[in-house]
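Only one structure is covered here, and it is reproduced in the block below.
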Amino acid sequence: SQSQTQQESQGSETTTARGGGGGGGTAQLQLDFSSLDKQLCDVRDAAEYRDVNAQFEERLQSIAANIERLAPNMRAGDRLDDVQARLKETEDEFQAAFAESKRATKEFEAVKQERFTRFTACFNHVADKIDSIYKELTKSPAHPHGGTAYLSLENAEEPFLHGIKYNAMPPMKRFRDMEQLSGGEKTVAALALLFAIHSFQPSPFFVLDEIDAALDNANVNRVVNYLQRRTQDDFQCIVISLKDAFYERANSLVGICRNKAQECSRSLTLDLTRFEEVPLK
């Protein structure tokens, strides 16, 4: 029927194409429009055709633009190889830096432990010696036991994060902070600490510059007696002093005076070991 024929013509279209060449022949291409909207299939005049065609042209341009934007970069593979190579180099550098960090950390911990061990050995020795040295510097016939001195750590676990507390109590005096002691008492306490540190790893030579400036005669004699005993065994000592007690107990004297003729300093030496010691009456 006519309606059936029209529906079939709307659903499909047959196109005949003739091939070139001497052999001739024809080929039929059948186009299927069944997937199109019914409104597109019902286009009847040129005006509707132009509208529909414009819509399709616009859609084609939009699709083409999207395809252009999504077009693959043909050098992406080369760039990926470069990025992977840089990533590999960075990973190698990271591993090398991590290994170096572990090595440095291990060495640091070893140095830290060695520092703690050496400090602890020195501190324990000085803490054990300082009280006996202080007693020796402060004892007298009136106070045969002398004073008391001791060291303590503010943080025994991490001694380098905090300080060391040093307390000294002269004979017959109550406990006070070091800042509240007199100048002479501070000097004796400082000398006790100095001699205690020196006893850990003794040096062969000592220079003491006017250590007796704040000391009275009694304390000067005690310091002289201590130095005289120590210099017989452990070390040599040069004392710069203006006190007679040091002069008369020394092995030799060195004096500095002005040479007026040459306008310069002059040194005079005297070996006291050549003279016989005469006991004081």
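Numerical summary
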quantity: Breaking point among (1) open to solvent by 50 Å² or more (accessible area, probe 1.4 Å); (2) closer than 26 Å to Val126 by Cβ; (3) assigned to a helix (DSSP H, G or I), for Arg230; calculated: (1)
quantity: Test: residue in the stretch 143-164 that is among the hydrophobic types (A, V, I, L, M, F, W, C) and open to solvent by 90 Å² or more (accessible area, probe 1.4 Å); calculated: yes
quantity: Those residues of the stretch 119-163 which are assigned to a helix (DSSP H, G or I), of a type in the set (Gly, Ala, Ser) and within 22 Å of Glu109 (Cα to Cα), in sequence order; calculated: Ala121
quantity: Within the stretch 245-281, tally of residues that are in a loop (DSSP other than H, G, I, E, B) and either of a type outside the set (Lys, Arg) or open to solvent by less than 100 Å² (accessible area, probe 1.4 Å) (or both); calculated: 12
quantity: Only one of Val207, Val224, Val220 that is among the aliphatic types (A, V, I, L, M) and in a strand (DSSP E or B); calculated: Val207
quantity: Residue in the stretch 181-198 that is in contact with a Lys or Arg (Cβ under 7 Å, 6 or more places away or on another chain) and closer than 14 Å to Lys135 by Cβ present; calculated: yes
quantity: Test: residue in the stretch 120-133 that is at pLDDT below 95, surrounded by 12 or more Cβ atoms within 10 Å (Cβ to Cβ) and either more than 25 Å from Ala196 (Cβ to Cβ) or touching a Lys or Arg at 6+ places or on another chain (Cβ under 6 Å) (or both); calculated: no
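The values are calculated or read from the model by the stated rules, or taken from the named source; none is laboratory data. Source: prediction; values computed, not measured. Please note: Cβ atoms are built from the backbone with ideal geometry, for glycine as well, and neighbour counts cover all protein chains shown. Surface areas here come from the heavy atoms of the whole protein model, side chains and all, with no ligands, DNA or RNA. Shrake-Rupley method; radii C 1.70, N 1.55, O 1.52, S 1.80 Å.
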